[in-house]
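All remarks here apply to the structure that follows.
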Amino acid sequence: MAGDYFLEIEAHFAQRRGTPFVLNAKDWILMKSWSEAGIPLPVVIEAIDSVFDKQEAKQRKVNGLAYCKHAVKELWNERRELLIGGQENSPEEEVVPRLAALADVLQPVAPEFAVRVRELVSEKSVPRIEERLMELEHELIESLLPQAEELRAEARALTSGADEKTRARTEEAHLRRLVRERFALPRLTLF
C-alpha cells in the first residue's frame, strides 16, 4: 500500500496547489524518506495543509513539496512525543482506545471492518498496526466503490487538464478521498 501513500500525498498537494501538479524526482525521494521513517499519511497531509494555510495567509505560493519538509518533520516529532512520550515504542494501552474509537466510527458503515480493526489489538508493533490499518482502509474503500460509482466522474473532473500520466496517478487518490467523505470514513490511523 506504499503506492497509495505516495498517490495520496501527490493528489493532496495538487489539490491544495489548485493545479494538476507533477511532483519531481526530489519530491518522490522526499516522500520515500517519509514513508521509510514511518510517518503516517495523516501527519503528512496535516503538515502540507499547515504550510499552505500559512503561505496563503501571506499570499505566497507553495512551489514544491520541499516547502513542506520541515513542517512534516516537526509535526511528526510532536505527534510521536504526544503519543509515545518520546520513546520508540508505544505502550499497548495507548493503542487499544484508539483502535476502539476507529472501530466505533466504522461500525454503522462497515461492521465487518470494525471487527477487523478491533482485532488489531493483538498486534504488538505500532508500525505493523499502522501498516495493517492502511491495508484495511484500502480494502474498505474498494468495497464501497460499487455504491458510489458516480464519484468516479467527479474524481475525473478534478484532474481534467492534467496530462494522462498525472491524471491516472491522482484520479484514484481523489476517488478514495471522495469515498471517505461520502461515507464519513475516518482515515484509519493511530495518529
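The values are calculated or read from the model by the stated rules, or taken from the named source; none is laboratory data. Remember, predicted model here, so these are calculated numbers, not experimental data. As a convention, Cβ positions derive from the backbone with ideal geometry for all residues, glycine included, and neighbour counts pool all protein chains shown.
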Hits in the range 110-131 (condition: among the aliphatic types (A, V, I, L, M) and modelled with pLDDT of 90 or more) | 110, 114, 115, 117, 120
For residue 183, are the conditions met, namely being farther than 21 Å from residue 38 by Cβ, surrounded by fewer than 20 Cβ atoms within 10 Å (Cβ to Cβ) and aromatic (Phe, Trp, Tyr)?
-> yes
Is it the case that the range 15-25 has a residue that's crowded, with 19+ Cβ neighbours inside 10 Å, at pLDDT below 85 and of a type in the set (Gly, Ala, Ser)?
-> no
Determine whether the range 10-25 contains at least one residue that is in a helix (DSSP H, G or I), within 28 Å of residue 156 (Cβ to Cβ), in contact with a Cys (Cβ under 9 Å, 6 or more places away or on another chain) and of a type in the set (A, V, I, L, M).
-> no
In the list 57, 11, which residue meets the criterion of being farther than 24 Å from residue 129 by Cα and touching a His at 6+ places or on another chain (Cβ under 7 Å)?
-> 11
For the subset of the range 55-99 comprising residues that are modelled with pLDDT of 60 or more and touching a Leu at 6+ places or on another chain (Cβ under 7 Å), which member is surrounded by the fewest Cβ atoms within 10 Å (Cβ to Cβ)?
-> 66
Among 184, 157, 153, the single one that is small (Gly, Ala, Ser) and modelled with pLDDT of 85 or more is 184
Filtering the range 140-165 down to residues that are closer than 23 Å to residue 101 by Cβ and either in contact (Cβ under 8 Å) with a residue 60 or more places away in the chain or surrounded by 15 or more Cβ atoms within 10 Å (Cβ to Cβ) (or both) yields 140, 141, 144
Mind checking which residues of the range 116-137 are surrounded by fewer than 17 Cβ atoms within 10 Å (Cβ to Cβ) and within 16 Å of residue 5 (Cβ to Cβ)?
-> 127, 128, 131, 135
